[in-house]
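Asks: Shown below is the structure under consideration.
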């Protein structure tokens, strides 16, 4: 635990924190991170909370029964599925595939004929040497396309390219649903955000994953909040998802 994480932990100290530290110290970071994130939501610090859609009573969603990790929770997958099912985007683009769990959610809930693109590093790529250790671990253990393949879903395009050199020009103004969930350091997050906004259609919506983290992930949250001070962005309660509309993002200095 680095100094930043230690200071964050001290701000959340209570009897339960001390008890957990004594009984299961390896779970302390997760507990403190969750407590601080919920505090910020309830105290309305950082981005304000808000739901991206209000589905009709007639809508249903589909999710893979298995949860293979990669950081996306079932609750977050439900939010993405509801948004896809309600907004019915004709083109979807995600930066950060991992094993394709979110990709499968897009495939299961997108309208017929929707174009779905998933971008990740080529196989055997180690990622940026200066990147976060958590990202390097995900790269090492990823199994590209495992979930869609297991479900027999293949109607999407897997792009293999470093997002830092990826050219968004062919997709300009066409993507109606975007997800930024690749490398989580600020340099990559800014690059990915700028390129996603360039690709978004005027009616598009963009999600970021892992908003609200502490320690090494705090700079990512601060970057997203810097955009939120210029235009309307929201966080989804009890998740690490943040989102904004293309029409607002295009007015911000990214």
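Bear in mind that the values in this text are calculations on the coordinates, not laboratory data. Keep in mind that this is a model prediction, so the values were computed, not measured. No Cβ is skipped: glycine too gets one built from the backbone with ideal geometry, and neighbour counts run over all protein chains shown.
Asks: Quote the Stokes-Einstein diffusion coefficient, in whole µm² s⁻¹, for segment 40-100, based on the Kirkwood radius over alpha carbon pairs, a temperature of 4 °C and a viscosity of 1.567 mPa s.
Replies: Working: Rh = 13.9 Å.
The calculation lands on 94 µm²/s.
Asks: Ok, one more. What does the highest-first list of 104-114, 159-169 look like by mean Cβ count within 10 Å?
Replies: 104-114, 159-169
Asks: Taking segment 202-254, how much of its Cα-Cα pair set, in percent, is spaced more than 16 angstrom apart? The partial results should precede the final answer.
Replies: Working: 521 of 1378 pairs.
Here the tail beyond 16 Å accounts for 38 percent of pairs.
Asks: For segment 74-249, rounded, prolate or oblate, judged on the Cα gyration tensor with a ≥ b ≥ c (square roots of eigenvalues), a/c < 1.5 rounded, else prolate if a/b > b/c?
Replies: Rounded shape, in that the Cα axes give a/c under 1.5.
Asks: Among DSSP beta bridges whose residues both lie in segment 74-249, state the antiparallel percentage, nearest 5.
Replies: Values: 7 of 25 bridges.
The antiparallel proportion sits near 30 percent.
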